[in-house]
1. How many residues are basic (Lys, Arg), at pLDDT 95 or above and surrounded by fewer than 18 Cβ atoms within 10 Å (Cβ to Cβ) when one looks only at the stretch 115-153?
2. Scan the stretch 119-159 residue by residue and report those that are free of Cβ contacts under 8 Å to residues at least 40 places away in the same chain and in contact with a His (Cβ under 8 Å, 6 or more places away or on another chain).
3. Quickly run through the stretch 127-169 and pick out the residues that are part of a helix (DSSP H, G or I) and among the basic types (Lys, Arg).
4. Of these, Pro553, Pro534, which one is in contact with a helix residue (DSSP H, G or I) (Cβ under 6 Å, 6 or more places away or on another chain), more than 27 Å from Ser637 (Cβ to Cβ) and not polar (S, T, N, Q)?
5. If a residue must be in a loop (DSSP other than H, G, I, E, B), touching a residue at least 60 places away in the same chain (Cβ under 8 Å) and over 13 Å from Ser130 (Cα atoms), how many such residues does the stretch 89-116 contain?
6. Report the residue count in the stretch 219-273 for those that are at pLDDT 95 or above, surrounded by fewer than 24 Cβ atoms within 10 Å (Cβ to Cβ) and among the hydroxyl-bearing types (Ser, Thr, Tyr).
7. Limited to the stretch 571-609, what total is found for residues that are surrounded by fewer than 22 Cβ atoms within 10 Å (Cβ to Cβ) and polar (S, T, N, Q)?
8. Determine if the stretch 340-354 includes at least one residue that is at pLDDT 85 or above, within 25 Å of Ala225 (Cβ to Cβ), out of contact with any strand residue (DSSP E or B) (no Cβ under 6 Å at 6 or more places or on another chain) and among the β-branched types (Val, Ile, Thr).
Amino acid sequence: MSETDALAAALEYHVANTLGWHDLRPLQHAAIGPVRSGADCLLIAPTAGGKTEAASFPVLSRMVDEGWQGLSVVYVAPLKALLNNLLPRLEQYTAWLGRRVALWHGDIGDSARRAILSEPPDILLTTPESLEAMLVSRRVDHRLFFRGLRVVVADEIHSFAAGDRGWHLVAVLERIQRLAEHRVQRIGLSATLGNPEEVLAWYQGSNATEGVRGEVVSAGDPLVAPDLRLDYVGSIENAAVVIAALHPGEKRLAFCESRAQAEQLAFSLRGQGLTTFISHSSLSLDERRQSERAFAEARDCVIVSTSTLELGIDIGDLDRMIQIDSPRSVGSFLQRLGRTGRRAGTSRNALFLATEHETFLRAAGLLQLWSTGFVEPVTPPPAPRHIAAQQFLALALQEGRFARATWQQWWAGSPVMADGDLILDYLVEAAFLAEDGGWLFIGPAAERTFGGRNFLELLSTFITDLELVVVHGRKEIGSVSPISLNAEVIRGSKLLLLAGRPWRVQDVDWLRRRVEVEPDESRGKVRWSSEPLPESFEMVRARRDVLLGADPPAQLTQRARTALETVRAAWETRVDQLGMVLERGEQGVTLWSMAGLRGHETLAAALPIDFEARCTNEAIRFSNRFSIEVFRAAEVSEALPFIAPEAVDGLKFSAALPLDVARATLSERFADREHAAEVAGGHVVVVATTVAGDG
């Protein structure tokens, strides 16, 4: 066996004798050679397949054998909780070799950060936003700090690649590469990817353009078919009754699709006498940590969560995964399913409890789509022009000034900066950047817009809705949207429900965004603002398959079988084996095209305005002026869905873009021309109807 096919001798000793492992997992074996060779790698295995060790063991072996000194590895993850969870494991592994690891994110205090800067660790666990903060901070000598960097590991890379945080990450990595003395190896970790080669090439960035080898390493233990069950319960309260009755003495994780639903379920479960914990993004950090710590140590209990526990945070041995209604993607379902079956002698399992006929159909469609082997491709959102604007301003903070003539060198041709010249011209014109003798630096508009709290807003690539902090005495409970605080709640005649407990509002300080509450024994109500989410073409078409007779691959209760018959009967006139169904009624025309909201909105943008098209994931509704001939002739190759000007506020850093560019960016991100064209050219089955409202 060659040196690059084995781990460092000291590491092998501790794996066998300290951990007591008889062998490595399949991915851990397969990754040693590619990672030790210095290739950029994407390591893929099912959840709990040992991806962290698959990356860290060969990287640590390189570190020891090649004598790396100082900060040489950065490990980024999308969640602070995931980094917190990884720290003890990596502390153990590095200590075996006389090396150190440290943690740096928004919850880490100044004293710990000063210690890191004065004596950099060998491995730094952090987030992309914290990397950016290090680059722009005047307290960090970024050239000295990053000069010895050799490797960047990105955990849960599919989570990054699917959004703007991924564009931000790869742009920041290009700037760090310019500071480093060595070519930085990039390693990504993922459990669920439908297009791994494309994601790896995107993550490689300038390494790919310079010919650095990229390798997808995929391995895992053979998966046993999971135990899948689907039930229709009709309400959150009924779901709590079912959960309380099933699997007593076991540890259960129940996923909900909204924070409000999670709060309602947690309250109902406690009403059933179950030990219940809750985790979602509006709870305080302390509240979430208490829940996750208690759940990890408990047995007969339920933890209720939104997607916050979907990623690889260790919450101990889990017996059951329960899904209220349905996730929106196969990838999300696989992440949640993978939380079970980690313990020897157990198997993966999922129990779906649908509270409405609509969500029952969505769950059945999801399971049908999963059974085909489909996993959504992860595609970074197009046209990240707002991230380019942020990057220019961040570079000006980092360097103090930069030359207009050579700005491209900082990002080495990254597609993030594809429209860089256009955006740079606007930033100068609008005084976000000031120019003097070919040098660019922060201008007065940037100071006004982003300058508060040391440009904190410039360092975050995602928007958090305005919420008010809820406190009881000195304890922070979580946060709520202003929509929760209507007159009845403020007067105390209605209650809030937060952290699974009811609270009576005592005072609202709008200026400080603070709500003071006292506990109450009766039930409250919490609401968060939300918009309907567009669903993929494949998800909606899978529901159509179920309506046309495909049975979801799960054990169905009698209630579920009755619900399946009910939804099929309700949709009987709206789906047809021969093609899309066109209903004509007194109120207009409905095309049940089942192509997803993006495809429908893109097609609508190519049609005459007097068609008055209104779109859902399942259908397009038209006025009676609809013409099938004009519909067939729609040209969708350059169609862009309409974006209202006020929607631009939801695009982070849109203030640093011209309004028309910001709107075009959102339009391009929402467009689905492929499926719009499929609808326009598809076979139509015409059905006459006189039912008011169907059109």
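The values are calculated or read from the model by the stated rules, or taken from the named source; none is laboratory data. Computed from a predicted model, the values in this text were never measured in an experiment. Please note: Cβ atoms are built from the backbone with ideal geometry, for glycine as well, and neighbour counts cover all protein chains shown.
1. 2
2. Ser130, Met134
3. Arg143, Arg165
4. Pro553 is the lone residue from the list that is in contact with a helix residue (DSSP H, G or I) (Cβ under 6 Å, 6 or more places away or on another chain), more than 27 Å from Ser637 (Cβ to Cβ) and not polar (S, T, N, Q).
5. 1
6. 2
7. The number of residues fulfilling the criteria is 3.
8. There is no residue in the stretch 340-354 that is at pLDDT 85 or above, within 25 Å of Ala225 (Cβ to Cβ), out of contact with any strand residue (DSSP E or B) (no Cβ under 6 Å at 6 or more places or on another chain) and among the β-branched types (Val, Ile, Thr).
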